[in-house]
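The values are calculated or read from the model by the stated rules, or taken from the named source; none is laboratory data. Just so you know, these numbers come straight off a predicted model, no measurement behind them. Because the Cβ atoms are built from the backbone with ideal geometry, glycine has one as well, and the counts that use them run over all protein chains shown.
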Amino acid sequence: MAAEIIDGKAFAASLREKVGALAAAFEAQAGRKAGLAVVLVGEDPASQVYVGSKGKATLAANMASFEHRLPAETSAAELLALVDRLNRDPAVDGILVQLPLPGHLDEQAVIAAIDPDKDVDGFHVINAGRLAVGQRGFVPCTPLGCMMMLTDRLGDLSGLEAVVIGRSNIVGKPMAQLLLAANATVTMAHSRTKDLPDVVRRADIVVAAVGRAEMVKGDWLKPGATVIDVGINRLAPEPGAAKGRLVGDVAFEKAREVAGAITPVPGGVGPMTIAVLLRNTLVAAHRNVGIALAEDAI
Ligand code: GUN
């Protein structure tokens with residue numbers, strides 16, 4: 001039987017709607033909107049699209065959007081001064097500095113300058129540490145979105161075998177922490193893992209976040225496994241086409257014959273990231289002002 005397709009687009013739309021309603025309630029109570037500041041340095045075309053989408057989604061969710069578009073030549077001192085100003089601005093609940101930054105800027109130093117309690121990306125080492133030790137903080141949006149889709153489908157993850165492929169700070173490592181906190185048995189696989197197909201074959205849950213087109217094959221999967229594909233890779237164009245197809249890290253067509261459920265690319269994990277960013281901003285706003293929010297319910 002073919003796998004259930006996990007509809008990330010619909011899931012994200014429903015989350016954005018829930019966040020929008022709670023943001024309106026926040027405004028009524030706090031007397032101001034929850035606010036998200038997004039900083040873009042330079043003219044990277046993909047980043048410009050992301051930042052535009054984030055701004056629109058923020059406004060649509062009844063929140064205030066503060067966009068700061070800076071030239072590629074912006075100095076470290078100028079960028080850090082802006083971050084400092086946003087840290088101290090009471091109208092700003094969340095700060096996101098779009099990555100990648102131009103080469104002359106030190107990304108880690110910029111992330112370290114963000115107030116951890118406004119770090120809605122969850123990239124600050126304080127938030128990575130909080131996640132690792134089980135304290136309340138902010139969790140990176142993509143893995144948190146993956147976790148929401150997994151628990152929606154599977155309920156309790158206790159004792160399930162989970163394999164995370166890829167060990168990035170933004171996806172793989174926080175994903176493993178979240179699965180561990182949910183009592184899954186977690187294996188982190190990566191480019192040096194031996195016998196990756198055998199490791200993947202024992203997994204009830206596979207999260208693929210390696211950035212290699214269609215690397216995970218259908219016959220690597222345990223029948224019935226839940227597969228979350230974080231990859232977004234563009235293939236070389238077919239003859240006559242201007243652009244190649246977008247594919248994930250999982251060979252989708254074969255995988256769907258074996259898996260129990262699988263996220264498509266596009267339309268799976270991707271749309272969840274911005275929806276979770278809005279969720280994290282809503283959470284930040286409530287914490288900043290001291291208004292209660294049932295955080296685990298959203
Ligand atoms: N660049 C691509 N994705 C992201 C993201 O989620 N956050 C930030 N800050 N930059 C990104």
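Restricting GLY122, GLY103 to those that are assigned to a loop (DSSP other than H, G, I, E, B), among the small types (Gly, Ala, Ser), modelled with pLDDT of 95 or more and buried (at least 23 other Cβ atoms within 10 Å of the Cβ) reduces the list to GLY122. Residue pairs whose Cβ atoms lie under 8 Å apart, sitting 6 or more positions apart in sequence or on different chains, and linking a residue in segment 41-58 that is among the β-branched types (Val, Ile, Thr) to a partner that is assigned to a helix (DSSP H, G or I) and more than 9 Å from the ligand (Cβ to nearest atom), are VAL41/LEU79; THR58/LEU278; THR58/THR281. For segment 223-236, a residue qualifies if it is under 21 Å from GLY172 (Cα atoms), of a type outside the set (Val, Ile, Thr) and surrounded by fewer than 18 Cβ atoms within 10 Å (Cβ to Cβ), and the qualifying residues are ASN233, ARG234. So, VAL139, is that one within 17 Å of the chain's Cα centre (by Cα), assigned to a loop (DSSP other than H, G, I, E, B) and of a type outside the set (S, T, N, Q) or not? So VAL139 passes the test. Criterion applied to SER168, SER191 was being modelled with pLDDT of 95 or more, of a type in the set (Gly, Ala, Ser) and over 17 Å from THR263 (Cα atoms), and the one residue passing it is SER168.
If you scan segment 54-69, which residues turn out to be surrounded by 17 or more Cβ atoms within 10 Å (Cβ to Cβ) and not in a loop (DSSP other than H, G, I, E, B)? Those that are surrounded by 17 or more Cβ atoms within 10 Å (Cβ to Cβ) and not in a loop (DSSP other than H, G, I, E, B): LYS54, ALA57, THR58, ALA64, SER65, PHE66, HIS68.
Please find, within segment 151-181, the residue that is farthest from the chain's Cα centre (by Cα) out of those that are assigned to a helix (DSSP H, G or I) and not hydrophobic (A, V, I, L, M, F, W, C).
In this case the residue turns out to be ARG153.
Residue-wise test of (1) farther than 21 Å from ILE170 by Cβ; (2) crowded, with 22+ Cβ neighbours inside 10 Å; (3) modelled with pLDDT of 95 or more.
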| site | (1), (2), (3) |
| --- | --- |
| VAL199 | yes, no, yes |
| ASP204 | yes, no, yes |
| ALA213 | no, no, yes |
| GLU238 | yes, no, no |
| ALA251 | yes, no, yes |
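Counting only residues that are outside any helix (DSSP H, G or I) and of a type outside the set (A, V, I, L, M), which one in segment 1-34 is farthest from the chain's Cα centre (by Cα)? Top of the filtered list is GLY31. Within segment 59-82, not a single residue is out of contact with any strand residue (DSSP E or B) (no Cβ under 8 Å at 6 or more places or on another chain), within 16 Å of the ligand (Cβ to nearest atom) and aromatic (Phe, Trp, Tyr). Considering segment 123-156, the residues that are among the polar types (S, T, N, Q) and away from the ligand (no atom under 16 Å from the Cβ) include one that is nearest to VAL227 (Cα to Cα), namely THR151. Has segment 87-97 got any residue that is under 17 Å from the mean Cα position of the chain (by Cα), within 13 Å of the ligand (Cβ to nearest atom), in a loop (DSSP other than H, G, I, E, B) and surrounded by 13 or more Cβ atoms within 10 Å (Cβ to Cβ)? There is no residue in segment 87-97 that is under 17 Å from the mean Cα position of the chain (by Cα), within 13 Å of the ligand (Cβ to nearest atom), in a loop (DSSP other than H, G, I, E, B) and surrounded by 13 or more Cβ atoms within 10 Å (Cβ to Cβ).
The residue that is farthest from ALA12 (Cα to Cα), counting only those in segment 256-281 that are touching a Leu at 6+ places or on another chain (Cβ under 6 Å) and part of a helix (DSSP H, G or I), is VAL258. Residues that are crowded, with 18+ Cβ neighbours inside 10 Å and not aliphatic (A, V, I, L, M) were ranked within segment 21-46; the one that is farthest from the ligand (Cβ to nearest atom) is PHE26.
In segment 259-298, which residue that is among the charged types (D, E, K, R) and surrounded by fewer than 24 Cβ atoms within 10 Å (Cβ to Cβ) is modelled with the highest pLDDT?
ARG287
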